[in-house]
Amino acid sequence: MAELKDTAFLLRRVAYGDTSYIIHFLGKVQGRFTLMARGARRPKSPFRPRLEPLHELQLTWRAGRTGMGTLTDVERGSERVDASRGLEGLQLCAIAAQVFRDGDPHGFAELARAFSLLSERQPYTGMLTGIWQLLSDNGLIGSLDHCWHCACADEHLSWRNAEMCCSDCGGGAPVSAGLRRAITAMMSTTTVRMSKRDLTMWQGMIQDVLRQHGLKPVNVC
Ligand SMILES: [Zn+2]
């Protein structure tokens, strides 16, 4: 069988048998896909030190006759998130692993963007910014300047059931115009400062969106 190649990010690996892994990737061309990495858990496997998350990986594999392909080579490329943001980077992978499903042609560019947002900011705010971007890419959140039900641009918007609401559409916990502007600015600049209170509110909104859509909440250290 012909060999295939792609540049990919490692999303998660699942132990298989005594020595192998089933690995979920987001490929530049392939989107979300899965490969068998035979023997990759053996101490001397050449795959073992190269199969790192948070790096671009150059993969080569043989297509499977019926389903999953088999990894035949992996080269580790550039690091996209450095070690000081490693835990936050893995949280972005965990979110990406849930919002991009097997066979989804998207994901690589979206996760690369989230990694950049994280790398350019403080770890915690960078993680929130990256997650917000991934949720936005998947249509789970909208713009913060209007009600997500009736689209009116009310000055007083609230947060209810993981959605931005105007008072006519049901109200909820008020989200100040300052916080809404700060989140929007945070997506495009690195100089925004947010108060602890605003960060806590933003984190709560993110957890709420994840819960509402049946996704696992983020582990916050
Ligand atoms: Zn409304």
Notebook entry, point to check: Among Asp73, Asp18, Asp198, which one moves the most in a GNM of the chain with springs linking Cα atoms closer than 10 Å?
Noted result: Asp18
Next item on the list: For Val175, list long-range residues whose amide hydrogen, built 1.01 Å from N in the peptide plane, is under 5 Å from its own amide hydrogen.
Entry: Leu157, Ser158, Trp159
Check: Given the chain reduced to its alpha-carbon atoms as identical point scatterers, what log10 I(q)/I(0) does the Debye formula return at q = 0.12 Å⁻¹?
Finding: -0.69
Next item on the list: Based on alpha-carbon positions alone, could you give the equivalent ellipsoid semi-axes of region 109-167 from the gyration tensor, as √(5λ), descending, whole Å?
Entry: 26, 12, 9
Margin query: Under the rule of at least 5 residues apart or a separate chain, name every residue whose amide H is placed under 5 Å from the amide H of Leu54.
Written below: Leu10
Item checked: Calculated log₁₀ intensity ratio I(q)/I(0) where the Debye formula runs over C-alpha points of region 3-79, q = 0.13, 0.23, 0.25 Å⁻¹ -> -0.32, -1.07, -1.28
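Read-outs: derived from the displayed coordinates by stated rules, not from any lab. Given the structure is predicted, the values throughout are model-derived calculations rather than measurements.
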